[in-house]
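Coordinate-derived values only; no laboratory data. Here the structure is a predicted model, which is why all the values come from computation and not from measurement. Note that we place each Cβ from the backbone using ideal geometry, even for glycine, and neighbour counts take in every protein chain shown.
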Amino acid sequence: MEDKRITEALDILSEIQRLLFQRKRLMEQYLSLPMMRVLLWLWGIVSTALGVWLFIDGEGFLMFWKKFSSWGLILLIILFVGTISWIKITAWKILSPSESAIESIFSALGKALLSILAVETVIFVVLHVWIVLHAPLWYLFPLWAIWVGLVYMMYGVFLSLGRIKWPGGWLILGGLITLFWSPTTFAQGSKAFLFVFGLPFLALAAVNELLFRLRK
């Protein structure tokens, strides 16, 4: 009887390992798609360039964004997030043309990870609203860094992908540092943005491209 239970437990562990390996391979294929490689490079370059712009000409940056109304900024953010989401979903559909994007993502990531991500997102939104209403807006920066870092860290640990896990850790650490060391000048804030957001995404794009080239 005990031998049978041990065999069943080993079979379950073997199936879990097979499923995790399958999900890891799927994510590696996803990150190797041309659309995703280009998106990572654009995100890394743009975030790094933004940090450099803030550092060199912070006043000019503020003057540029003051040209937009509040609704204009909201529209730009919605368009930006919508475009990024559309690119990611379109790329994912290439890997699973027979399923809907939602079904494919659910089967690839699993109920447990998506549930954790949903709880994390709710906490992020609540903290975001609280900061906007009651705290200095600067605290949004470490909140964004920690939230994005946690998402990347979850994916990296769950799928055993170091290229995602290490940028996630960098973002979490950078967010915590800037949370307790609040920059007092615009130049300090721009440096924080450059090193916390710009460089890790640029490094992620470079490492992802290198691994893609090595596998060819």
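Summary table
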| read-out | value |
| --- | --- |
| Inter-part distance where the stretch 169-186 and the stretch 23-49 are each reduced to a Cα centre, Å | 25 |
| Entries of Lys24/Lys88; Lys88/Lys165; Lys88/Lys191; Lys165/Lys191 with Cα pairs more than 25 Å apart | Lys88/Lys191 |
| Contour minus Cα-Cα distance for Lys191 and Ile87 (0.36 nm per residue) | 34.5 nm |
| Rg to Rh quotient for the stretch 21-63, alpha carbon positions, Kirkwood Rh | 1.31 |
| Rounded FRET efficiency, nearest 0.05, which uses the C-beta distance separating Leu117 from Thr184 and R0 of 41 Å | 0.75 |
| Label-to-label distance, nm, for residues given as Gln29 and Leu50 (7 Å Cα→Cβ offset) | 3.2 |
| 11 Å beta-carbon shell around Tyr155, net charge (K/R +1, D/E -1) | +4 |
